[in-house]
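Below: one structure, written as structure tokens.
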Amino acid sequence: MPPAGMAGDMAMMAGFGRIENRCPMPITIVAVHSSAFADASLHETRIVSGMSQMRPVPELRIAPDDAAVLKPGGLHLMLMQPGAPLKPGSRIAIEFELKDGGKLLGEFELRKPAE
Ligand SMILES: [Cu+2]
């Protein structure tokens, strides 16, 4: 997985990046884990009646040779309650749990929120 970024304050962070599926089979992400956070999940931001709302994404399917793009205003990782203070530049391992029981590992770099 290519380098990706995170942004947010200390209690809650959002993760952005690209998840590529280079397998000949579709993959479905059903859960997200990180030892650095008490809670991690996939979220989607949508505009509903002019208001930006986030909702959990229980399953994210990625077709063969396709990629899911996590970006501000769209899909993102929601990371809650870091177990220890995190500084910009910290590397954070994220584990994606797949429907077939497999796992994908990704590494994210902590960045300051874009101004
Ligand atoms: Cu969110």
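Pop out the carbon and sulfur fraction of the accessible area of region 43-83 as a percent, whole number, probe 1.4 Å.
Values: 1370 of 2600 Å².
It is 53 percent, rounded to a whole number.
Leaving out ligands and nucleic acids, and using a 1.4 Å probe, what accessible area per residue does the chain come to in Å²? Walk me through the intermediate numbers first.
Values: 6940 Å² over 115 residues.
The answer is 60 Å² per residue.
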Pick out which of L79, L98, L42 has the largest mean-square fluctuation in a Gaussian network model of the chain, springs linking Cα atoms closer than 10 Å.
-> L98
Leaving out ligands, DNA and RNA but keeping every protein chain, what accessible area does K71 have, in Å² rounded to the nearest 10, with a 1.4 Å probe?
-> 110
How large is the dipole of the chain about the Cα centre if only Lys and Arg carry +1 and Asp and Glu carry -1, each at its Cβ, rounded to the nearest 20 debye?
-> 180
Compute the convex hull volume of the Cα atoms of region 34-76, divide it by the residue count, and report the result per residue in Å³ as a whole number.
-> 109
Selection from P85, N21, A36 lying farthest towards where the dipole of the chain points positive, charges on Cβ = P85
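Where both residues lie in the chain, what percent of DSSP beta bridges are antiparallel, nearest 5?
On the way: 39 of 41 bridges.
So the antiparallel bridges in the chain amount to around 95 percent.
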Can you pull a Stokes-Einstein diffusion coefficient for the chain at 10 °C (1.306 mPa s), Rh from Kirkwood over Cα pairs, as a whole number of µm²/s?
-> 110
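The values are calculated or read from the model by the stated rules, or taken from the named source; none is laboratory data. Here the structure is a predicted model, which means the values were calculated and not measured. Cβ: placed from backbone, ideal geometry, glycine included. Neighbour counts: every protein chain shown. For the accessible areas, the whole protein counts, side chains as well, though only heavy atoms, and no ligand, DNA or RNA atoms are used. Shrake-Rupley method; radii C 1.70, N 1.55, O 1.52, S 1.80 Å.
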